[in-house]
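Here is the structure we will look at, set down as structure tokens.
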């Protein structure tokens, strides 16, 4: 996979296919194209120790999502509800859309 290339979009539903969170499903929050990683909601959680910044504020341990490599996730098709490969299709009006290779449905990115 070349650097910075992905067929995934923010708010896509993905399933982890490799690693400690294998089988879990989450929503894509962020895409880091420079190192081919994505941040998925409630997947690959790490604990970050934060130092006290002021005398009144105490230190704390924060749980946050860490990046997971794009090759370790697959898109979940909204129509057939299975993990699928993504294809491209050219519509009659000239727009290029993503499509599910199993059920041939077009994949629209969910709006916030």
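Any chance you could count how many residues in segment 55-106 are more than 17 Å from the chain's Cα centre (by Cα) and either under 21 Å from residue 23 (Cβ atoms) or not in a strand (DSSP E or B) (or both)?
Final tally of qualifying residues: 18.
Checking residue 21 against (1) crowded, with 17+ Cβ neighbours inside 10 Å; (2) outside any loop (DSSP other than H, G, I, E, B), only one condition comes out false. Which one?
(2)
Scan segment 71-88 residue by residue and report those that are exposed (fewer than 13 other Cβ atoms within 10 Å of the Cβ) and on the phi < 0 side of the Ramachandran plot.
71, 85, 88
Need pairs with beta-carbon distance below 8 Å; first residue at negative phi and in contact (Cβ under 8 Å) with a residue 60 or more places away in the chain and within segment 44-70, second surrounded by 10 or more Cβ atoms within 10 Å (Cβ to Cβ) and in a loop (DSSP other than H, G, I, E, B); sequence gap 6+ or separate chains.
70/6; 70/8; 70/36
Only one of (1) at pLDDT 95 or above; (2) in a loop (DSSP other than H, G, I, E, B) is not met by residue 48, so which one is it?
Condition (2) is where residue 48 drops out.
Those residues that are outside any strand (DSSP E or B) and under 8 Å from the mean Cα position of the chain (by Cα), I need them from segment 9-18; list them, please.
Across segment 9-18, the qualifying residues are 9, 10, 11, 12.
Give just the number: which of (1) modelled with pLDDT of 90 or more; (2) in a loop (DSSP other than H, G, I, E, B); (3) out of contact with any strand residue (DSSP E or B) (no Cβ under 8 Å at 6 or more places or on another chain) does residue 109 not satisfy?
In the conditions (1) modelled with pLDDT of 90 or more; (2) in a loop (DSSP other than H, G, I, E, B); (3) out of contact with any strand residue (DSSP E or B) (no Cβ under 8 Å at 6 or more places or on another chain), residue 109 misses (1) alone.
In contact with a strand residue (DSSP E or B) (Cβ under 8 Å, 6 or more places away or on another chain), in contact (Cβ under 8 Å) with a residue 60 or more places away in the chain and more than 20 Å from residue 104 (Cα to Cα): does that describe residue 10?
For residue 10, the condition - in contact with a strand residue (DSSP E or B) (Cβ under 8 Å, 6 or more places away or on another chain), in contact (Cβ under 8 Å) with a residue 60 or more places away in the chain and more than 20 Å from residue 104 (Cα to Cα) - is met.
The values are calculated or read from the model by the stated rules, or taken from the named source; none is laboratory data. Since the structure is predicted, the reported quantities are computational estimates derived from the model, not experimental observations. Cβ sites come from the backbone with ideal geometry, for glycine too, and all protein chains shown count toward neighbours.
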